[in-house]
Amino acid sequence: MKKIEILETTLRDGSYAVNFSFTSTDTFLLCKSLEDAGFKYIEIGHGVGLNAGKKGYGVACQTDEEYMIAAKNAITNSKYGMFCIPKIARLEDIDLAAKHDMGFIRIGSNVTEVENSKEYIQKAKDYGLLVSSNFMKSYALPPEKFAEKVKKIEKYGVDLIYLVDSAGGMFLDDIQKYYKEIRKFSDIQLGFHGHDNLGLAVSNSIGCADMGFSFIDSSLQGLGRSSGNAATEIMIAALLKKGYHIDIDLLKTMEIGQKFIQPLLSVKGKMPLDIISGYAEFHSSYMHHIQKYSAKYSVNPALLILEIARIDKVDIDEKILEKIAKRLKKETDVYSGKFDFSRYFGHEQDNL
């Protein structure tokens, strides 16, 4: 039977959707419940990762250490881990993680800047952690260039490379091209983290499993940044139906999602700005810039997203964004519609 590891990220990526308000008690109860259901890898903490609250990326309900202690006390056989973005996290944050017996760490960098992760990877490996390198906004580089980055990062000693569809706009055909380029020279374990802006997160994730990826991310009820992630409950059901060997109790998983996460869900239907972000491959953490200039110049935020994403899918230059807004104001009628910006938290790309 085919085998795949599910990395459950409700307590980390899902924290965006609740403005980083998971408590230590939430962390303890969910970690314990997820382990009881059979999950081996559970990601926790601030959505933006280690030290994010102190760096001004939104204040979480608890400190990093408090989250670590809660997770450590809740599990016995599973591994818990946290996210780590160089320049936001510090090397000493990895010391703290090791102190509290963290099992894995995910070091995330924009795909164009993954070389910044070298010291973090090596330090985490020195402590014996399972280390993944998450290539955020993977789609911003063509497959050949992406594969060159993989070759470089693999030399740093990383255990796992993650293809990350940060905007939820990739198709399975796109992912296959990345996979083929990587496999031309490397058999390193691969993982996939998909967002659901175009409703493709589950199907893309299953496709990755079929290709030979080792790890797939998911969150209960799909809770996560922007449109959310692949829903854990649906993912487990679909993979089991396809014949995958997964030591996870589907019924328990569904009960956990219904008990702990469904009461937190506030968004009904599909959000227009999530959909246009997936279409344009625009990272939702820049949405506050879109809100600022769409309001200032009374232009449609969806048009702003489309225009700026054609220029740069990795970063935003506010001066360029404002020029676009001024041009759109001249070219289009005054925009009187209203899109909901209230669910976008984190701003994790600012000042990277």
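What follows draws every value from the coordinates through simple rules; no lab data is involved. None of these values were measured; they are calculated from a predicted model. Every residue, glycine among them, receives a Cβ derived from its backbone with ideal geometry; neighbour counts consider all protein chains shown.
Using alpha carbon centroids, what distance separates the stretch 232-271 and the stretch 37-113, in Å?
23
Please give the net charge around E255, taking every other residue with its beta carbon less than 15 angstrom from that of E255, where Lys and Arg add +1 and Asp and Glu add -1.
-2
Per residue of the stretch 11-23, in order, report the coupling 6.51 cos²θ - 1.76 cosθ + 1.60 (Karplus, θ = phi - 60°) as ³J(HN,Hα) in whole Hz, putting x for Gly and Pro.
Listing the rounded values in order: 6, 10, 5, x, 5, 4, 6, 10, 6, 6, 9, 5, 9 Hz.
For the stretch 1-86, go through all pairs of different Cα atoms, get the mean of 1/r, take its inverse, and jot down that Kirkwood value in Å.
Result for the stretch 1-86 stands at 12.8 Å.
Quick one: Karplus J couplings for the stretch 172-181, per residue in order, coefficients 6.51, -1.76, 1.60, θ = phi - 60°, nearest Hz, x for Gly and Pro?
Residue by residue, the stretch 172-181 yields 4, 4, 5, 4, 4, 5, 5, 4, 4, 5 Hz.
Rounded to the nearest 20 debye, what is the charge dipole size of the stretch 272-331 about its Cα centre when +1 sits on each Lys and Arg Cβ and -1 on each Asp and Glu Cβ?
360
Using DSSP, restrict attention to beta bridges with both residues in the chain and report what percent are antiparallel, rounded to the nearest 5.
Roughly 5 percent of the beta bridges in the chain run antiparallel, per DSSP.
If the limit is 23 Å between Cα atoms, which of K149/K180; K2/K313; K125/K180; K3/K99 go over it?
The answer is K2/K313; K125/K180; K3/K99.
When H283, H100, H245, H193 are ordered from fewest to most other Cβ atoms inside 10 Å of their Cβ, what list results?
Listing H283, H100, H245, H193 from fewest to most nearby Cβ atoms yields H245, H100, H283, H193.
Pick out which of E281, E43, E331 has the largest mean-square fluctuation in a Gaussian network model of the chain, springs linking Cα atoms closer than 10 Å.
E331
Pick from F28, F192, F83: which is most flexible by mean-square fluctuation in a GNM of the chain where alpha carbon atoms under 10 Å apart are linked?
Comparing F28, F192, F83 in the GNM, the peak value goes to F28.
Within 10 Å, Cβ to Cβ, of Y244, how many net charges do the neighbouring residues add up to if Lys/Arg are +1 and Asp/Glu are -1?
+3
When the dipole is taken about the Cα centre of the chain, and only Lys, Arg (+1) and Asp, Glu (-1) are charged at their Cβ, what size is it in debye, to the nearest 20?
It works out to roughly 620 debye.
Going by how many other Cβ atoms sit within 10 Å of their own, how do F339, F282, F185 line up, fewest first?
F185, F339, F282
From the residues M287, N300, I275, which one has its Cα farthest along the dipole of the stretch 272-331 in the positive direction, the dipole being from +1 and -1 charges on Cβ of Lys/Arg and Asp/Glu about the Cα centre?
My answer, from the dipole projection, is N300.
Over the chain, what is the relative contact order in whole percent, taking alpha-carbon pairs under 8 Å and six or more residues apart?
18
I'd like the distance separating the alpha-carbon centroids of the stretch 206-226 and the stretch 119-192, in whole Å.
A separation of 15 Å, based on Cα centres.
Using the Kirkwood formula over every pair of different C-alpha atoms, what hydrodynamic radius in Å results for the stretch 181-327?
Averaging 1/r across every pair of different Cα atoms and inverting gives 17.4 Å.
Per-residue HN-Hα couplings for the stretch 84-94, Karplus 6.51 cos²θ - 1.76 cosθ + 1.60 at θ = phi - 60°, whole Hz, x for Gly and Pro?
Ordered by residue, 3J(HN,Hα) equals 8, 10, x, 5, 9, 6, 10, 4, 5, 5, 6 Hz.
Compute the angle between helix 24-37 and the longest alpha-carbon principal axis of the chain, please, reported from 0 to 90 degrees and rounded to the nearest 10.
60
Beyond 18 Å, what share of the Cα-Cα pairs of the stretch 272-331 remains, rounded to the nearest whole percent?
20
Multiply the residue gap between H288 and K180 by 0.36 nm, knock off their C-alpha separation, and tell me the result in nm, one decimal place.
Gain in length upon complete extension: 35.2 nm.
So the label point goes 7 Å from the Cα of Q122 along Cα→C-beta, right? Which residues of the stretch 140-166 then have their backbone N under 11 Å from it?
Only 156-157 pass the distance filter.
Give me E113, E318, E8 ranked fewest to most by other Cβ atoms within 10 Å of their Cβ, as a rough exposure proxy.
E318, E113, E8
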